[in-house]
1. Mind checking which pairs have a first residue in segment C:20-38 that is at the interface with chain A (Cβ under 8 Å from one of its Cβ atoms) and a second that is basic (Lys, Arg), Cβ under 6 Å, 6 or more apart or different chains?
2. Failed condition for A:HIS8, given (1) surrounded by 14 or more Cβ atoms within 10 Å (Cβ to Cβ); (2) at pLDDT 85 or above; (3) more than 14 Å from chain C (Cβ to nearest Cβ), with all others met?
3. Could you check segment A:188-238 for helices (runs of 4 or more DSSP H) lying wholly inside it with 2 or more residues that are facing chain C (nearest Cβ under 10 Å) and of a type in the set (Ser, Thr, Tyr)?
4. In segment B:308-323, which residues are surrounded by 14 or more Cβ atoms within 10 Å (Cβ to Cβ) and among the hydroxyl-bearing types (Ser, Thr, Tyr)?
5. Return a yes/no flag: does segment A:48-68 have any residue that is outside any helix (DSSP H, G or I), without any contact (Cβ under 8 Å) to a residue 24 or more places away in the chain, surrounded by fewer than 16 Cβ atoms within 10 Å (Cβ to Cβ) and under 30 Å from the mean Cα position of the chain (by Cα).
6. If I ask for residues that are surrounded by 19 or more Cβ atoms within 10 Å (Cβ to Cβ) and either at pLDDT below 90 or of a type in the set (A, V, I, L, M, F, W, C) (or both), which ones from segment B:152-167 would you list?
7. Just to be sure before I move on: is B:LEU178 buried (at least 17 other Cβ atoms within 10 Å of the Cβ), touching a helix residue (DSSP H, G or I) at 6+ places or on another chain (Cβ under 8 Å), in a loop (DSSP other than H, G, I, E, B) and among the hydrophobic types (A, V, I, L, M, F, W, C) in the structure I sent?
8. Could you give me the residue pairs with C-beta distances under 6 Å whose first residue belongs to segment A:278-297 and is within 10 Å of chain C (Cβ to nearest Cβ) and surrounded by 20 or more Cβ atoms within 10 Å (Cβ to Cβ), whose second residue is part of a helix (DSSP H, G or I) and modelled with pLDDT under 70 wherever it lies, and which are 6+ apart or on separate chains?
Amino acid sequence: MATAVISHEEEVRRLQRREGWRRRLPILPALLFTIAVTQIPFLFTLFYSLTDWRIDTVDPRQFIGVENYTSLSGDKFFLDAAWVTVKMTVMAVLGSLIVGTGLALLLDRKFFGQGFIRTLLITPFLVMPVVAGFMWKTQMFNATFGVINWVLNTVGIDSIEFATKYPLASVVVVLIWQWSPFMMLIILAGLQGQDASVLEAARVDGATSWGTFRQITFPQLRPFLELGTLLGAIYLIQVYDHIEVIVGGQPGAKNLPFYIAQRSIGGGNRFGLASSYSIIVVIASIIIANIGLRVLSGLLEDDS
Amino acid sequence: MAEVRYEAASRLYPGSEIPAVNELNLDIADGELLVLVGPSGSGKSTALRMLAGLETVTSGSIHINDVDVTLKPPQDRDIAMVFQNYALYPSMTVAENMGFALKQAKVSKEQRAEQVREAARILDLEPYLDRKPKNLSGGQRQRVAMGRAIVRSPQVFLMDEPLSNLDAKLRVQTRTELVDLQDRLDTTMVYVTHDQVEAMTMGHRVAVLKDGILQQVASPRELYRRPKNRFVAGFIGSPAMNLLDVDRADGQFALAGTTIELTDEMRAAAAAVDGTTFGVGVRPEHLKFTSSGSGIAGEVSVVEALGSESFLHVKVQHEGREQVLVVHEAGDTELVRGDNVTIVVDGPVHVFSPDGESV
Amino acid sequence: MAIFTRAPKAEPILGQNRLVAALLGLLTWFIGLLFFFPLFWLVLNGFKEESVANASPTLIFDPTLDRFSEVTEANSGLLSFAEAFGNSFWIVLISTVLVMILAVPAAYALAIRPMRKWRDVLFFFISTKFLPIVGVIMPIWIIARDLNLLGTRTVLVVLYTAMNLPLAVWMLRSFFAEVPKELIEAAQIDGCSLLGQLRQVILPIVAPGLAATALLCVIFAWNEFFFAIQLNPTGASTMPVWVNSQQKFQGQFLAGLSAASVLATLPVVVAGWVAQKRMIRGLAMGAIK
C-alpha cells in the first residue's frame with residue numbers, strides 16, 4: 001500500500017510536469033523568434049555603442065568605453081534631435097488624443113449618415129504614411145498649388161510655405177490627422193461599452209449632461225484614454241516616414257530615429273556613435289514603457 | 001451504471017496552504033442521485049471537477065466502478081457533465097452540440113443522428129435541432145446541455161449547478177423533470193448546488209461540505225432530523241433552525257429563562273461532554289404560541305405571512321441579550337408586529353457540544 | 001450566452017435637445033468631410049493633367065486616366081509598379097501568415113491554459129514594441145548585409161513578422177480570453193483532442209478576432225516604409241518605396257504622384273472599410289479585455 005501511494009504522488013508530479021510543458025510549448029516559437037529578431041540585435045547595438053566603429057574605413061573597431069556617451073552632452077545635433085523627438089511625440093499624442101476624443105463624442109450619437117461619416121473619419125489611419133506625407137506636402141501645404149494657401153489667399157493672406165517655415169508643426173499636423181482616427185476608435189469602443197444603467201441612474205439622480213460626462217463617463221473612459229496614449233506614444237516616438245517625405249533633412253523637424261538612420265546606415269557610417277544615440281532612445285522608451293506597463297497591468301488586473 | 005468512490009481524495013492548489021477538498025471519503029451507489037451542497041468556497045464544485053478529471057487529485061484516489069480513474073484524463077472516464085452556464089458550442093447547431101461527443105468517439109453518422117433524435121425526443125427538443133444556441137431561450141439551452149449529456153449514455157452524470165441560471169418558476173419545474181429523468185435513466189448522478197432546497201428535494205442522499213471537509217452525508221430526512229453538527233443544522237432547512245448559545249447550569253439548559261426538557265438519552269450524552277457554552281437548536285415548526293402563560297415571553301418583530309403558512313420573528317431576552325426566534329405557524333396568522341406572545345417548545349430539541357458536534 | 005452579449009447601448013452624452021442634436025449632426029458631417037478632403041483632393045489630382053495639377057487649385061477640369069496608365073506602365077529602371085505590387089503582395093501575405101502561425105499558439109497558451117507568470121511573458125511581448133526600431137536597425141543591417149539579404153524580400157518578411165508579432169499576440173490573447181473556460185472543459189469531457197478543441201471549438205469563436213488581427217498586420221506591413229527604404233530600396237522593394245520614387249527631381253510630377261498614391265493606398269483602405277467594425281473591437285475592446 002505504501003509503495004502504491006508513493007507511485008501515485010510521483011505520477012501526479014510527472015503529469016504536472018508534462019502539463020507544464022504543454023502549456024509553455026506553444027509560446028516558445030513566438031518567444032524565440034522575438035528574442036532572435038529584437039533582443040539579440042539590441043545587445044549588438046549596446047556593444048557597438050562602446051566602440052568608435054565607422055564602416056566606411058578599414059580601421060578595426062576600437063573599444064572606447066563610454067566615450068560616445070560622455071560626448072553626447074556637447075553634441076548639438078543630438079540634443080536638437082532629442083528635443084525635437086520629445087516635442088513631436090508629446091504634441092502628436094496629445095493632439096490626436098484631444099481630436100480623437102472630440103470625434104468619438106460626436107460619433108457616439110444617432111444621426112443621419114453615421115456609418116458613412118465614421119468610415120470617412122477612420123480612413124486617414126489606413127493611409128500609407130508616405131502617401132499622407134506627400135499629399136499634405138504637395139497638395140495642402142504647398143505655397144503655389146496647396147489648398148490651404150489657396151484658402152488663405154482668398155481671404156487676403158499671403159501664401160506661406162508651411163513645410164519650410166514651420167517644419168515641426170507641419171509634421172505634427174499630419175501625424176494628428178493620421179492618429180486621431182486611431183484614438184477615436186479606441187475611445188468610441190470605450191463609450192459604447194459603457195453601462196447604460198449607470199448613466200440612467202445618474203440622470204435619475206439629477207446629474208447634468210456635463211456632470212454625467214465628468215463624473216461617470218470620463219472615469220470609465222480613463223483606461224481607454226491611457227491605452228490610446230500608450231499605443232500612440234509607442235508608434236509616434238519612432239516616426240520616420242512623415243519626416244523623410246515632408247521635410248527631408250531639414251533641421252527643425254529631425255527627430256532621433258531619423259537622425260540616427262542618417263548618421264549610420266543612411267550614409268553617415270558612424271555606427272559606434274549612432275548606436276549610443278539608439279541606446280539613449282531605448283532608455284527613454286523603457287522609462288515611458290515602464291509607466292505605460294504599470295497602466296496596462298492595471299488593465300489586466302481583474303481577469304486572471 | 002456505475003458506483004463512484006472517493007478515497008481520501010484531496011485537491012491542494014499550488015501556493016495554497018489549505019486544500020480546497022480535504023481527504024474526501026464518499027461512496028456513491030449505482031443509480032444514486034447524490035447532491036453535493038455547501039456554501040460558496042466549500043469545495044463542492046472542486047470535488048465534482050476532480051471526479052470529472054478537470055482538477056488534479058493531489059492525493060488519495062477516485063474510482064468509478066472499482067477502476068482507479070485518478071490519473072485518467074476526462075475523456076477516458078465515460079462521464080458527462082452539465083455546466084452552470086451550459087457551455088454549449090456557439091458555432092454548432094443543437095443537433096451538432098448533442099452529437100459532438102459521439103462524433104469524437106467516431107460513431108457512425110446514422111447512429112449519431114438516431115441517438116440525438118432519441119435524446120431530443122425525451123427532452124422535447126425536436127423542433128430546435130437545427131437552431132444555434134444563441135436562438136434558444138434559457139430553459140431550452142439548459143435542456144440542450146442535458147441532451148448533450150444523456151446522448152452519450154455515460155456511466156455518471158455530473159451536474160454543476162445546472163439550474164442556477166433559470167428563473168425561479170422554471171427552476172422548480174426543471175428540478176422535477178431532472179429527478180424524473182434520472183429515475184428513468186437509472187444512471188448515477190452527482191449534483192452540485194449551493195441551494196439547500198434543491199439538495200433536499202432532489203437528492204437520494206445529500207453530502208454537506210464546508211471548507212473542503214465533508215460534514216455529513218445522509219438522506220435529506222436524516223439530515224434534517226439528525227444534523228451531525230451545528231453547521232449542518234444551520235445550513236439545512238428554510239428558514240434556518242433557531243440556534244442559540246446556552247450556558248449549562250446545574251446540568252440544565254435554559255432558553256430565554258425557560259428550562260428545556262431533554263430526553264434522558266440526550267441529558268446523559270450532554271453530561272458526558274465537558275464545557276459550559278452549548279448550542280441549542282429548535283426548528284421553527286417545533287415552537288408554538290401558547291396562551292397559558294408559562295413559556296418564553298417575547299414580542300413579534302416581523303410577520304412573514306405566506307398564506308399557507310406564516311413565519312413570525314419574535315424578539316426574546318436570552319442570557320441578557322436580545323435574540324430573535326423564528327416561529328412557524330400553519331395557515332395565516334392573526335398576530336401583528338408588536339404583539340406580546342408566549343412561546344413553548346413542542347418537538348425535538350438539538351443540543352450541540354461546545355465544539356459544535358451534536359450530542 | 002450571456003458572455004457574448006454586450007451591455008445595452010448607452011445614451012449619447014452630447015445633446016438631448018433636438019435642435020442641438022441637429023446642429024451637432026451637421027457639425028459631425030462637416031468635420032468628417034473636412035478630414036476626408038485631403039484624400040478626396042488626392043483622388044481628383046490623380047485624374048488631372050500635370051499642368052492642371054501644378055497650378056492654382058481647381059475643381060473644374062477634364063478627368064483623364066492617363067496618369068494611372070503612365071505610372072503603372074513606366075519603368076524608371078529601379079522598381080516598376082508591377083514589381084512593387086507583387087513584392088508587397090507576397091511580403092505582406094507571407095509575413096502575416098507567419099505572424100498568425102506564431103501568434104495563435106502563443107495567444108492560446110497565454111489565454112486558455114495560462115502558465116505561471118503568463119503576465120510576464122505577455123509584457124515581454126508588448127515591451128518589445130517599446131524597443132524603438134533604431135535600437136536594432138544597425139545590427140540588423142549588418143546581419144542582413146553579411147547574410148546577403150540586403151535588397152531581398154526575405155529580410156522584409158522576417159522584419160515585418162517581428163514587427164507585427166507582439167501586437168498580434170496581444171490582440172489575439174484578448175480574443176482567446178473571451179472563450180469561456182467551460183466550453184473547453186466540455187470539449188475535453190466530450191473526448192476532443194487538443195488540436196480538435198482548437199479547431200472545432202475555439203477557432204469558430206475567435207474567427208472574427210483572427211480576421212481583425214490579420215487585417216491590422218496587413219495594414220501595418222503594407223504601409224511600412226522605414227525598413228523597406230533602408231534595407232531594400234531596389235527592385236525587390238514594396239509599394240511605399242515605389243510611391244516615394246514617383247517624386248521626380250525635375251519636371252512636373254504632382255498628378256502622377258497622386259495617381260500612384262491612390263493605387264498604393266486603395267487596397268488597404270478598402271480592406272479597412274470593409275472590416276472597420278471588427279477592427280474597432282480588435283483594437284480597443286480586444287486590448288482592454
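1. Between residues of segment C:20-38 that are at the interface with chain A (Cβ under 8 Å from one of its Cβ atoms) and residues that are basic (Lys, Arg), there is no close pair.
2. (2)
3. Numbers: elements: A:196-204, A:209-212, A:218-236.
Result: A:209-212.
4. B:SER310
5. Checked segment A:48-68: at least one residue is outside any helix (DSSP H, G or I), without any contact (Cβ under 8 Å) to a residue 24 or more places away in the chain, surrounded by fewer than 16 Cβ atoms within 10 Å (Cβ to Cβ) and under 30 Å from the mean Cα position of the chain (by Cα).
6. First pass over segment B:152-167, keeping only residues surrounded by 19 or more Cβ atoms within 10 Å (Cβ to Cβ): B:152, B:154-163.
B:ARG152, B:VAL156, B:PHE157, B:LEU158, B:MET159, B:LEU163 - these are the residues of segment B:152-167 that are surrounded by 19 or more Cβ atoms within 10 Å (Cβ to Cβ) and either at pLDDT below 90 or of a type in the set (A, V, I, L, M, F, W, C) (or both).
7. Values: buried (at least 17 other Cβ atoms within 10 Å of the Cβ): yes; touching a helix residue (DSSP H, G or I) at 6+ places or on another chain (Cβ under 8 Å): yes; in a loop (DSSP other than H, G, I, E, B): no; among the hydrophobic types (A, V, I, L, M, F, W, C): yes.
When the stated conditions are applied, B:LEU178 does not pass them.
8. So the pair list comes out as A:SER285/C:PHE130; A:ALA289/C:PHE130.
The values are calculated or read from the model by the stated rules, or taken from the named source; none is laboratory data. Keep in mind it's a predicted model, so treat the numbers as computed, not measured. Every residue, glycine among them, receives a Cβ derived from its backbone with ideal geometry; neighbour counts consider all protein chains shown.
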